[in-house]
1. Local charge sum around B:Gln106 (other residues, Cβ-Cβ under 15 Å, Lys/Arg +1, Asp/Glu -1)?
2. Tell me which aspartates and glutamates have Cα within less than 17 Å of B:Lys316's Cα, excluding those fewer than 8 residues away on the same chain?
3. Name the most mobile residue of A:Leu95, A:Leu196, A:Leu328, meaning the one with the largest mean-square fluctuation, in a Gaussian network model of chain A with Cα contacts below 10 Å.
4. To make sure I understand, if each residue's beta carbon is the centre and we count other beta carbons within 10 Å, what order do B:Ile372, A:Ile12, B:Ile365 fall in, fewest to most?
5. Taking only C-alpha pairs under 8 Å that are 6+ residues apart, what is the relative contact order of segment A:198-313 in percent?
6. Among A:Asp2, A:Asp137, which comes first, then next, by fewest other beta-carbon atoms within 10 Å?
7. Which number gives the lysine pairs in chain A that have C-alpha atoms under 22 Å apart and are eight or more places apart or on different chains?
8. What are the lysines whose alpha-carbon lies under 21 Å from the alpha-carbon of B:Lys59, with same-chain residues fewer than 8 places away excluded?
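None of the figures in this text is laboratory data; all of them are computed from the coordinates on show. These numbers come from a predicted model, not from an experiment. Virtual Cβ from ideal backbone geometry, glycine too; neighbours counted across all protein chains shown.
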Amino acid sequence: MDLSLTEDQQTITELFASFFAKECDGEFVREAEPLGHHDELWAKLIEMGMVSMGVPADAGGGGLGLLDLALVAEVYGSSIAPVPFVEAVVAARLLAAVGSSGSELLASVVDGSTATIALRPAVDRSARLVPAAAVADIVIALDGDELVAVSQGASNRPTAVKNLGSGPVANVDLTLSARQVLAVGNEAQQLYATALLEWKALTASALVGLGREALRIGLQYVMERHQFGVPIGSFQSVQHRFADDATALDAAGLLARKAAWSVDEGEPDAVALVSQGFIFASEGAQRTAGDSLHFHGGYGFMLEYDIQLYYRRAKAWSIIWDDPRRELARVADALYGPVGAA
Amino acid sequence: MDFRMGEKSDEFAKEVADFLDEHLTEEVVMEAHETGTVHNWGFYKAMADAGYTRAAWPKEFGGQERDPFEMAALSDQLNLRHAPTDGSSVTLMICSTLRHVGTPEQQADIIPRGLNGEILICLGYSEPDSGSDAAAAATRADRDGDEWVINGQKMFTTLAHEADYVFMLTRTNHDVPKHKGLTMFLVPMDAEGIEIQPVHTMGGERTNITFYNDVKVPDALRVGDVDAGWGVMRVALTFERGGSMMGQSVRLVRLVEEWAKENLAPNGRPWIEDPLVRERLARANMLNNAGALLGLRSADLFNRGELPGVEGSMSKLFSSEKFLAICEDLVDMLGPEGVLQHGEDDAPSAGWVEHAMRHAVVTTIYGGTSEIQRGIIAEHGLGLPRTRKSDRARNS
Ligand SMILES: Cc1cc2nc3c(=O)[nH]c(=O)nc-3n(C[C@H](O)[C@H](O)[C@H](O)COP(=O)(O)OP(=O)(O)OC[C@H]3O[C@@H](n4cnc5c(N)ncnc54)[C@H](O)[C@@H]3O)c2cc1C
């Protein structure tokens with residue numbers, strides 16, 4: 001066992017951390033709302049290889065594993081940058097996994113197009129609440145028996161729905177744009193399942209990062225704010241809740257990293273671990289952001305303070321996938337087999 | 001990163017499992033359960049003969065020099081099988097402390113007997129008026145030539161009734177701030193003037209109140225310098241802290257999983273198909289996995305020569321709080337059957353859930369309560385201000 005990062009992993013996380021520190025503060029995030037997307041920032045990140053680095057080397061990418069990407073996702077989550085990192089990298093990897101039927105689209109992604117993935121199978125040719133769909137060039141969805149990609153030009157991109165996390169979430173009518181079949185049948189199902197697994201693993205890590213930053217913001221505030229002649233951070237009820245939060249986030253960080261690692265390694269319990277990491281990171285991020293906001297008092301409720309940005313996203317990034325209790329049911333399916341199976 | 005325990009550790013786990021098949025009989029487990037004395041001399045000796053008491057120790061002590069991950073495997077196996085190791089683990093912790101701060105004579109006399117499974121050492125920190133605030137100990141030690149005379153009372157002196165020594169925190173100076181007037185001793189339990197009164201607990205464990213009336217202790221059994229006892233305590237605490245309860249929780253969840261697979265709900269289907277049972281077990285699994293990783297993080301730090309501080313407190317806090325939460329949740333899950341105790345024929349999981357719930361409560365209290373751990377995390381991990389008043393001389 002070895003829980004340390006490799007030099008490469010350190011280099012790459014530091015690279016993105018310093019980029020976000022320089023380019024993207026709370027004000028920047030706020031200005032990109034309500035769409036929750038900043039084209040120029042995203043273009044710079046694409047230029048830095050943020051998406052292509054996750055594509056296998058033999059498909060022309062940087063060949064990073066899911067754990068490497070999870071480490072970057074932590075940094076991304078801390079910044080809550082208005083860019084669709086998780087969706088774009090997961091969709092790019094899916095296009096690579098598809099093989100020849102996806103090679104043209106993959107080439108365009110490596111060239112700078114943005115792809116995203118619908119988190120639920122389409123119903124009546126419509127994919128609902130697809131993250132990043134309002135800003136993506138390509139939307140990948142499971143449509144019945146087929147895994148399909150629709151290429152939407154700037155003119156026929158769907159409008160974002162108004163949403164809790166101020167993300168570019170949109171409903172996609174799969175009949176409106178050029179539709180291409182990537183895979184069918186069993187293969188389509190499996191490719192799609194793997195992509196969702198990766199999306200959950202990376203979102204879990206992003207939530208860990210979000211939670212850590214929410215904690216940092218809260219700690220800074222409770223040291224600055226004085227009441228009764230002392231910093232409010234000297235009150236034990238404040239301290240103990242933050243101590244619980246910090247502990248839960250450390251545990252969530254380790255679990256999310258282990259989950260991503262287990263996918264890379266093809267471990268038999270990878271599916272259960274990814275779901276567990278996702279649920280636990282969601283809970284940790286939400287509780288921490290909630291406590292941090294609460295300890296801002298009334299100021300935390302003001303749009304002007306950054307903590308509300310984190311509070312809303314902690315919930316939105318989690319439930320855009322599903323009710324966490326349904327996800328727990330999937331953990332049980334992975335551990336004990338689905339109900340009714342012989 | 002690599003999350004595998006590693007081959008060495010896996011092999012050791014197998015070896016220990018075989019050892020436990022042979023030596024950890026149902027009798028040994030049940031004796032601890034029924035008496036509340038979570039120690040068994042025969043098992044302790046067998047552990048020593050197999051080298052497990054000195055598994056992490058260097059060769060010069062006859063040790064096996066096992067790494068922190070092998071040690072994690074050892075404690076996993078012991079926990080999974082419900083081995084009664086309260087006595088041995090405290091004894092070995094004090095042996096480790098003596099290795100760092102004991103005199104050469106103490107090291108030569110005590111350590112080998114501890115590692116050989118021949119003596120037991122219990123802890124005498126807590127008192128009626130000082131628990132979390134251990135440094136407020138009032139039990140006094142007064143010098144009389146080459147001897148010290150000890151007077152006072154200790155609370156919760158677990159295993160004192162089996163022990164050869166009590167590792168005791170005493171007050172030797174009443175005119176200085178509380179942390180600066182403490183001295184540690186190894187007090188022989190067969191000395192004149194010691195009285196032991198049993199205390200029975202909700203979890204079934206027996207502990208004791210111990211009384212010390214003009215107990216004479218040779219200066220040779222003082223550990224560390226006079227008035228430097230707090231420093232000695234801190235060494236002992238680093239060996240204690242970071243203890244994880246997650247292994248006990250993993251054992252429990254496995255037992256309940258077996259029960260749920262083998263027993264039928266009123267609808268005629270196995271309980272494991274019941275949505276509420278599934279959700280609860282899935283959550284318990286998740287928490288166990290998360291908690292185990294906090295424990296392994298400490299092992300990883302040890303492995304690279306660092307001492308877990310805040311990380312140990314996080315592991316203790318999380319593992320004990322989640323162990324308790326899981327127990328309470330699983331008792332709920334069993335509904336009315338949840339009240340049935342071990343020994344009742346139809347008790348689910350042989351009543352171990354009910355027992356674990358009563359026991360889990362104390363894991364959030366001893367070894368530093370959850371509030372004390374949160375305080376350490378807030379102050380040393382998060383950089384928040386100290387909340388307690390600064391030290392003042394007491395008893396002056
Ligand atoms: C079964 C059992 C076995 C034990 N074995 C031993 C043993 O072998 N040797 C030994 O020396 N001791 C032993 N103990 C004692 C144990 O270490 C103490 O019970 C523990 O440290 C708490 O001390 P206390 O009971 O005096 O509670 P107190 O310190 O009085 O605490 C009461 C409550 O107040 C809270 N509290 C205290 N201080 C603070 C603070 N600063 N901030 C916020 N909250 C605070 C605590 O968290 C707790 O909830 C044992 C206890 C039990 C129950």
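1. -2
2. A:Asp244, A:Asp245, A:Asp250, B:Asp76, B:Asp86, B:Glu240, B:Asp300, B:Glu371, B:Glu379
3. Per the Cα network of chain A with a 10 Å cutoff, A:Leu328 tops the list.
4. Fewest-to-most ranking of B:Ile372, A:Ile12, B:Ile365: B:Ile365, B:Ile372, A:Ile12.
5. Normalised by residue count, the contact order of segment A:198-313 is 38 percent.
6. Starting with the residue having the fewest Cβ neighbours, the order is A:Asp2, A:Asp137.
7. Taking chain A as the scope, the lysine pair count is 4.
8. B:Lys8, B:Lys45
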